[in-house]
Structure formats: structure tokens, C-alpha cells
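Trainee: Please read through the structure below; I'll follow up with questions.
The values are calculated or read from the model by the stated rules, or taken from the named source; none is laboratory data. Quick caveat, the model's predicted, so the values are computed rather than measured. Here the Cβ positions follow ideal geometry from the backbone for every residue, glycine too, while neighbour counts run over all protein chains shown.
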Amino acid sequence: MSQEVANNRAEIDSVVVQLLQTNSSRLMHWLEYTYVVILLGTLTQGPVNKIWEGSGQVDPRAIEITKFATYILIQAPAVFMLVRRGISKNLLKGPIGVLLLFVGWMLFSTIWATSSSNTVFESVTLVLTCSVGLYVARSFRLIEQLGLFFVAMQPGLIFSWYAVRQNWSGSVQPEDGDWVGIYFNRNSLAPPAALGLLAASALLWIVLVRRPKWWIAFALILLATTFFDSYLLVRSGSLTSVGAIIVFGLVWLFWTIIRWWQRRQNISPRQMLRVVYTSFLFGTVFLTWLGFRFQSTLLERLGREIDFNGREVLWRFSWSGFKDRPIIGWGWMSAWRTQAFFRDREFWWALTNNYWSHSAMMDVLLGGGIIGAALLLVAIIWSGARQLGSVCSEISGQWAFAATWFVIAASTQESFVIGNHFMLVLLVSSMIGYQADQNDDSSNKTSSPAQV
């Protein structure tokens, strides 16, 4: 009898321990979700700017250091968890390894940088934020990533709407009435609104396909949020994010057609790589060329002008600087803080208050030269090839390609490939994929086709 009682007690203890472990695991998951939402929201930079706005009027230099420390502290746990979880050797031999070479090259450029004190700070944050992107890709499934990006964008957007409604100082641009909210300018407000809109749309796609319990309620919430984010995007007046959304939509449409074709024709992995992916890359290059070729005409029709203070002049200035040091560059984010960079260049006197090129592509060429640009290009192309399997096997598998090219499109007009910015996290996590894909070469996987 006593033996039976002892066995029952042992069994009860085992069940209790299992329940505690399960509840503890769930709690840790939700705590990690909460941390990532706060992390991504902070990296939109709007909340940090608003928190330190008043103090910055007293001592701007001290506040810049404080902001830098804030970004370092918020990203440090993600880097710690990435190191703890590790990255497999198989993945290091792929695009992740090339991406790490890219950020390592920019960090190494401190040696020859013309403004090394600035380069060391900028390159360290570049490495840090790329690591955060790897952490997101390494830790979460696609639907989790979508949910995290979606939720993280909303607080800043809600506060921006409230700031405009309450007529907070700097929440609206006085010259044209474009909304700024709690962000630096309209082009800082628009990307969170755009990403919130796109993530909500992708989640809505999944909800409509899977139709889980309470799917109507989820769909209505996502639809309402989509309209809200779209409203803020329109009121920001930013054409850059609108153009990037159009690119996102075209890429999503292309891979949706390929998914439909795959279900009917059973395209082999070799055909996907050699025919489909190659066609996609050439088509993307061609459309990008068309965009730049007719950009001036489009802007004129929309009532926007390019003058000597516009981006076109900044790009010409950057291109001229790149040709001075084409192989290794000036050092990451160093050129625009170097007096010699402005020497004997047209309109130099109008551009001395600029600290970047208003184009991540130009910043990469200036900072790391042909070597740095080639490493980034190889990482982007290779990462796409590695995800050809998952794009046709996962519901909303189009996200990885569409989000990657959304960031690239936006980065032709803004300097988004920089440290401490959520767009770099989005770029890296989209390039690398998501947790379910982490241990395999997706281009070689055989998988059942998902629903369109």
C-alpha cells in the first residue's frame, strides 16, 4: 500500500513539474515577444527622439551620446540571445557568411576612414543591428515575424496620430501640412506606417486562407489597422514609401503567379533557380532602371521638383566622391564628415550640413567602395536563391522576397542601411528567412505547394 502511495506521489510530482515547465516556457516566449516589440518600436527612432527632444535643446551633443547608449542597451539582449542560440556552420557558409563579411568590411574600414571616430561608431551599430536582424530570423517563424513587426509599428503610429490631433510641436510640417508625428520628418513617419500596413496585409492573407477560430474578428482588426496605417502614410506625403510599397506589390504578385504555376506544372528546383529567379533579377534591374530614368518626369507630374538642394544633386555628389576612391571607399559613413570630400565639387556650399547621401546604395559605395557593394549584392542575390523552396511552400512565403525588395527600393531614396534602424532589421531578417527554414538550403528542398 505504501509503495502504491509513493508511486502516486511521484506521478503527481512529475505532472506538476511538467506543468510548471510548460507554463514557464510559455511565459518566456511571451516575455521575448514583448521585448522584441519594444526593440523594433525603439528602432523606428521616433520614440527615442521624442523622449530626449526637450533635453536635446539644452545639450545636443550629450543627448546624441545618450541616444546612442539607448540603442546599444535595447539591442544588447538580442545579440546575447543570438550568440547563445548560435548559427549553424551550414548557414555561415551561405549568405549569412557573406553578410557578416559585409559588416566586417565596414567595421574594418575604420583603419583607412577619413573620419575614423565617426566610422567606428557607425560601423559598430551596423554590426549590432545586423545581428538583431539575424536574431529575429533565427528565433521566430514567419507568422511570428509578421506579428511582431505589425504590433511593434502601431504604438509609434498611434502616438503620432495623437500628437497631430493635440497639435504637439513639430508634429506637422508647417510649410506643406505633411504629418510628422513623433518622428524626425515625414520620411521617418512613412516607413513604420508602410511596414505596419504591409505586415497587416500579409497577416490578413494568412487569416483568410487558414480561417482559424475567431478569424472574422482577426480579419476585421487587421483590416481596420490597414486603413489606419494607410491613412497615416497618405498624410505623411512621403512618395518614397509609396514607391517602395508598389515594388512590394509587384514582387508579391510575381511570386504569387509563380506559386500558381508551380502547383500546376511542378517546376523543378533547377528551373526555379536558372529560369524563374534569373528572370526575376533581370526584371527587377530593368524596372529599377525605368524608375530612375523617368523619375524626374514622374515628380514633375506630381508637383515635386528636383533642384540643387534635392536628392539628385546629393547622388551626383556622392557618385563623384565614389569615383575618387572606388575600390575601398572613404570608410563607412565617413565621407560626408570629411572636409576633403567637399573640395572642388559643385554646390559644395549648399551640402555641408548633410551627413549622408539620401541613398543607402550610394552610402555603401562611398563607405566600402566596390568591395563593400559587391559583398552586399552577393548576400542579397544568394539569400534569394536559398529561399526559392519556401516561397512556394509557405502561406505568405512571398513575404521574404517582397519585404527584401521593399527595403531595397526605399533605400534608393533614403539611407536605411544604417545601424540602429528597424529597416535594416527587416532587410536582414527577410534575406535570411525564418526559423522553420534555418537548417536547410531552401533552394534544394522538395516541398509540397502551398495555397496561393
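Trainee: Can you say whether Leu189 is in a helix (DSSP H, G or I), of a type outside the set (Lys, Arg) and touching a strand residue (DSSP E or B) at 6+ places or on another chain (Cβ under 7 Å), as far as the supplied structure shows?
Mentor: So Leu189 fits the description; yes.
Trainee: Select the helices (runs of 4 or more DSSP H) contained entirely in the stretch 25-102, then report the ones holding at least 2 residues which are at pLDDT 90 or above, closer than 23 Å to Gly196 by Cβ and not assigned by TED's automatic domain parsing to the domain that holds Phe121.
Mentor: Counting at least 2 such residues, we get 60-85.
Trainee: Another question about this same structure. Of Leu203, Leu208, which residue is in contact with a helix residue (DSSP H, G or I) (Cβ under 6 Å, 6 or more places away or on another chain) and part of a helix (DSSP H, G or I)?
Mentor: Step by step, each of Leu203, Leu208 is checked, and only Leu203 is in contact with a helix residue (DSSP H, G or I) (Cβ under 6 Å, 6 or more places away or on another chain) and part of a helix (DSSP H, G or I).
Trainee: Hey, any hits in the stretch 139-148 for a residue that's surrounded by 22 or more Cβ atoms within 10 Å (Cβ to Cβ) and closer than 18 Å to Gly419 by Cα?
Mentor: no
Trainee: Could you run through the stretch 324-335 and say how many residues are part of a helix (DSSP H, G or I) and within 23 Å of Leu101 (Cα to Cα)?
Mentor: The qualifying residues number 1.
Trainee: Count, please, the residues in the stretch 108-119 that happen to be in a helix (DSSP H, G or I) and surrounded by fewer than 17 Cβ atoms within 10 Å (Cβ to Cβ).
Mentor: Of the residues in the stretch 108-119, 3 are in a helix (DSSP H, G or I) and surrounded by fewer than 17 Cβ atoms within 10 Å (Cβ to Cβ).
Trainee: Quick test of your reading of the structure: Trp261 fulfils all but one of (1) within 26 Å of the chain's Cα centre (by Cα); (2) closer than 19 Å to Ala402 by Cβ. Name the failing condition by number.
Mentor: Here Trp261 meets the rest and fails (1).
Trainee: Something else: Out of the residues in the stretch 155-186 meeting the condition of being among the hydrophobic types (A, V, I, L, M, F, W, C) and assigned to a loop (DSSP other than H, G, I, E, B), tell me which one is farthest from Ser236 (Cα to Cα).
Mentor: The qualifying residue farthest from Ser236 (Cα to Cα) is Trp168.
Trainee: So, one more: Give the number of residues within the stretch 83-129 that are farther than 21 Å from Tyr355 by Cα and of a type outside the set (S, T, N, Q).
Mentor: Residues that pass the stated criteria total 19.
Trainee: Could I ask something else about it? Identify the residue in the stretch 422-452 that is modelled with pLDDT under 50 and in a helix (DSSP H, G or I) and, among all such residues, is farthest from Val151 (Cα to Cα).
Mentor: Among those residues, the one meeting the criterion is Asn444.
Trainee: In the stretch 203-224, is there at least one residue being free of Cβ contacts under 8 Å to residues at least 12 places away in the same chain and either small (Gly, Ala, Ser) or touching a strand residue (DSSP E or B) at 6+ places or on another chain (Cβ under 6 Å) (or both)?
Mentor: Yes, because at least one residue in the stretch 203-224 is free of Cβ contacts under 8 Å to residues at least 12 places away in the same chain and either small (Gly, Ala, Ser) or touching a strand residue (DSSP E or B) at 6+ places or on another chain (Cβ under 6 Å) (or both).
Trainee: So, one more: Would you mind finding the one in Val136, Val164, Val124 that is crowded, with 20+ Cβ neighbours inside 10 Å and of a type in the set (A, V, I, L, M, F, W, C)?
Mentor: Val136
Trainee: Go through (1) out of contact with any Leu (no Cβ under 9 Å at 6 or more places or on another chain); (2) in contact (Cβ under 8 Å) with a residue 40 or more places away in the chain; (3) surrounded by fewer than 22 Cβ atoms within 10 Å (Cβ to Cβ) one by one and return the number of the condition Val151 breaks.
Mentor: Among (1) out of contact with any Leu (no Cβ under 9 Å at 6 or more places or on another chain); (2) in contact (Cβ under 8 Å) with a residue 40 or more places away in the chain; (3) surrounded by fewer than 22 Cβ atoms within 10 Å (Cβ to Cβ), the lone unmet condition for Val151 is (1).
Trainee: Quick one: which helices (runs of 4 or more DSSP H) sit completely within the stretch 342-421 and have at least 1 residues that are modelled with pLDDT of 85 or more?
Mentor: Those helices (runs of 4 or more DSSP H) span 360-386, 390-393, 399-411.
Trainee: Are there any pairs with C-beta distances below 8 angstrom linking a residue in the stretch 382-396 that is closer than 16 Å to Ile267 by Cα to a residue that is modelled with pLDDT of 85 or more and among the basic types (Lys, Arg), with the two at least 6 apart or on different chains, and if so which?
Mentor: From the stretch 382-396, the pairs are Val391/Arg259; Cys392/Arg259.
Trainee: Moving to a separate point now. Identify, please: which residue in the stretch 168-190 is free of Cβ contacts under 8 Å to residues at least 24 places away in the same chain and crowded, with 18+ Cβ neighbours inside 10 Å and is, among those, farthest from His421 (Cα to Cα)?
Mentor: Val172
Trainee: Please note which helices (runs of 4 or more DSSP H) are completely contained in the stretch 226-322 and include at least 3 residues that are under 18 Å from Met361 (Cβ atoms) and modelled with pLDDT of 80 or more.
Mentor: Hits in the stretch 226-322: 239-265, 278-293.
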